[in-house]
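Taking it in order: structure first as structure tokens, then the write-up.
Since every read-out is calculated from the coordinates, none of them should be taken as a lab result. Predicted, not measured: the structure shown is a model, and the values here were computed from it. Using ideal geometry, Cβ is built from the backbone for each residue, glycine included, and neighbour counts are taken over all protein chains shown.
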Amino acid sequence: VQLQAFGGGLVQTGGSLRLSCAASGRISSINAMGWYRQAPRKQRELVTYINNVNSTYYSDSVKGRFTISRDGAANTNYLQMNNLKAEDTAVYYCAARAGPRASEYWGQGTKVTVSS
């Protein structure tokens, strides 16, 4: 499984951005897709994921502001980020779990900068 992320950029506090993550390869084996982020000098953290039955998870820090969704073919997911805050500034990584062992796959990071 290969993952490619799009959509980072610079936005002002309170603004919105949408990230996309396109999967290719053995997409039929994907069990769940989601996003992690890593802010400067901090550990990478799980932000959100969506699984094959469309159950979702959100970290408390983004709940109510971020929405993850995926297209019908399940090979692209979207992260709509609203009401962005300075603390959302980070490199966002698309990730997926696939196959019977739920192996992890990672895309390249996309940088999100929220300026006050």
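Data for the structure
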read-out	value
Whole-number D in µm² s⁻¹ for the range 45-110, Kirkwood Cα-pair radius fed into Stokes-Einstein, 25 °C, 0.890 mPa s	189 µm²/s
Which of 73, 109, 84, positive extreme of dipole for the range 69-116 (C-beta unit charges)	73
Computed magnitude of the charge dipole of the range 1-108 (debye, nearest 20; Cβ of K, R +1, Cβ of D, E -1)	120 debye
Pairwise FRET efficiency - residue 39 versus residue 102, Cβ, R0 = 22 Å, nearest 0.05	0.25
Two-decimal Rg to Rh for the range 35-78 - Kirkwood Rh, Cα set	1.02
Phi to ³J(HN,Hα) by Karplus 6.51 cos²θ - 1.76 cosθ + 1.60 over the range 19-30, Hz, x for Gly, Pro	9, 10, 9, 9, 9, 9, x, 7, 5, 5, 8, 6
Leading residue at positive end of dipole, the range 10-80 (Cβ point charges), from 32, 13, 58	13
Square roots of five times the Cα gyration tensor eigenvalues for the range 1-76, Å	22, 14, 13
